[in-house]
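Below: one structure, written as structure tokens.
The values are calculated or read from the model by the stated rules, or taken from the named source; none is laboratory data. Just so it is clear, the model here is predicted, and its values are computed rather than measured. Cβ sites come from the backbone with ideal geometry, for glycine too, and all protein chains shown count toward neighbours. Ligands, DNA and RNA are stripped out before the accessible areas are found, and what is left, the full protein with its side chains, is counted by its heavy atoms. Shrake-Rupley method; radii C 1.70, N 1.55, O 1.52, S 1.80 Å.
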Amino acid sequence: MIDWPKQSEADAFYGNPRGPDGKAAMLWKAQNLTHVTPPFAMHFMGTPVAHITIHRKCADSLLRVLQAIWLASGQEQRKIDAWGVSEFGGSFNFRRMRGSNHLSMHAYGCAIDLAPQRFPMGRTSPRFCDEVLKAFAAEGWVNLPRDRMHFQAAHF
Ligand SMILES: [Zn+2]
């Protein structure tokens, strides 16, 4: 398992994504972002998601997480849907944390949101089933206690 950085050390580990004009730097994006193809069907607001944009340092790990979830489901799309894992809520997104000047982990491409309607921000429950939580935990990804949709490859 990779020893993920603390959030405060994200710049050193993932690189500094800040570019001019308050956007992500083009060079940083080109050098650090890659894609993972999920082993099951996913969608975003009804549109199929062919691949997930993620930091290259997290890509293999995220793929292992998704493959573990797929195996745990018995490779049944129905179960993946029932668990909420097919509802993609976003990954790379250059933005700040809510109510803060710090960058969100999404700005580094090391975070993914799943089933945002079912697991809305600010609530500790409901949360994902054990199969899903275990798959992320096995790779060291952190599920935020008051943002259950959100998994990140960084510690507090
Ligand atoms: Zn998130």
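Here are some notes:
- Close pairs (7 angstrom Cβ cut-off, 6 or more residues apart or separate chains): surrounded by 17 or more Cβ atoms within 10 Å (Cβ to Cβ) in segment 80-100, of a type in the set (Gly, Ala, Ser) and not in a loop (DSSP other than H, G, I, E, B) anywhere: Ser91/Ala111; Phe94/Ala24; Phe94/Ala107
- Test: residue in segment 24-39 that is surrounded by fewer than 13 Cβ atoms within 10 Å (Cβ to Cβ) and either among the charged types (D, E, K, R) or at pLDDT below 95 (or both): no
- Selection within segment 63-96 - part of a loop (DSSP other than H, G, I, E, B) and in contact with a His (Cβ under 9 Å, 6 or more places away or on another chain): Ser86, Ser91, Phe92, Asn93, Phe94, Arg95
- When restricted to residues that are assigned to a strand (DSSP E or B) and without any contact (Cβ under 8 Å) to a residue 60 or more places away in the chain, segment 20-62 contains 9.
- Scanning segment 100-156 for residues that are polar (S, T, N, Q), part of a loop (DSSP other than H, G, I, E, B) and within 12 Å of the ligand (Cβ to nearest atom) yields a single hit, Ser104.
- Residues of segment 130-142 classified as open to solvent by less than 30 Å² (accessible area, probe 1.4 Å) and at negative phi, total: 6
- Residue within segment 46-64 that is modelled with pLDDT under 95, within 16 Å of the ligand (Cβ to nearest atom) and exposed (fewer than 14 other Cβ atoms within 10 Å of the Cβ) present: no
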